[in-house]
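Participant: Before I ask anything, let me first share the structure, which is written out below as structure tokens.
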Amino acid sequence: QVQLVESGGGLVQPGGSLRLSCTASGGMVSLATMGWYRQAPGKQRELVATITRGGITNYAESVKGRFTISRDNVKNTVYLQMNSLNPEDTAVYYCNHRTPYRDSWGQGTQVTVSS
């Protein structure tokens with residue numbers, strides 16, 4: 001079973017930055033498609049960014065140019081660098097580890113963008 005632990009969320013002012021981390025155990029981030037998703041109150045969970053085994057990245061249109069997903073295979077950790085944050089980015093952010101055999105989720109980390 002893959003366990004994912006997210007960290008790095010918090011309260012930030014509009015225009016600020018945060019870096020989320022997701023550390024995996026029981027599975028290699030380098031052998032999966034890793035993703036960040038978010039869910040705002042009253043809304044469905046949505047894709048934010050993914051990175052494939054081959055390192056190909058994909059972003060939601062709303063975060064392109066502001067967010068960057070990256071991976072550290074040695075630390076078995078995936079990151080989400082978030083810049084130019086705005087209140088619409090407020091949500092619980094979830095890490096996802098996906099292979100053809102299983103789909104694992106972290107517990108989520110809260111990001112709140114407010115002045």
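The values are calculated or read from the model by the stated rules, or taken from the named source; none is laboratory data. Since we're looking at a predicted model, the values are computed, not measured. Because the Cβ atoms are built from the backbone with ideal geometry, glycine has one as well, and the counts that use them run over all protein chains shown. For the accessible areas, the whole protein counts, side chains as well, though only heavy atoms, and no ligand, DNA or RNA atoms are used. Shrake-Rupley method; radii C 1.70, N 1.55, O 1.52, S 1.80 Å.
Participant: If VAL78 satisfies every condition in (1) assigned to a strand (DSSP E or B); (2) over 11 Å from the mean Cα position of the chain (by Cα); (3) without any contact (Cβ under 8 Å) to a residue 60 or more places away in the chain but one, which is the exception?
Facilitator: Every condition holds for VAL78 apart from (2).
Participant: Could I ask something else about it? Which members of region 1-56 meet the condition of being part of a loop (DSSP other than H, G, I, E, B), surrounded by 15 or more Cβ atoms within 10 Å (Cβ to Cβ) and of a type in the set (Val, Ile, Thr)?
Facilitator: Listed by number, the list holds a single entry, VAL2.
Participant: Right, next: Among the residues of region 57-66, write down those that are open to solvent by less than 30 Å² (accessible area, probe 1.4 Å) and closer than 17 Å to THR112 by Cβ.
Facilitator: VAL63
Participant: If you go through region 67-115, how many residues are of a type in the set (D, E, K, R) and exposed (fewer than 14 other Cβ atoms within 10 Å of the Cβ)?
Facilitator: 5
Participant: In addition: Taking region 81-115, which residues are outside any loop (DSSP other than H, G, I, E, B) and without any contact (Cβ under 8 Å) to a residue 12 or more places away in the chain?
Facilitator: The answer is ASP103, and nothing else.
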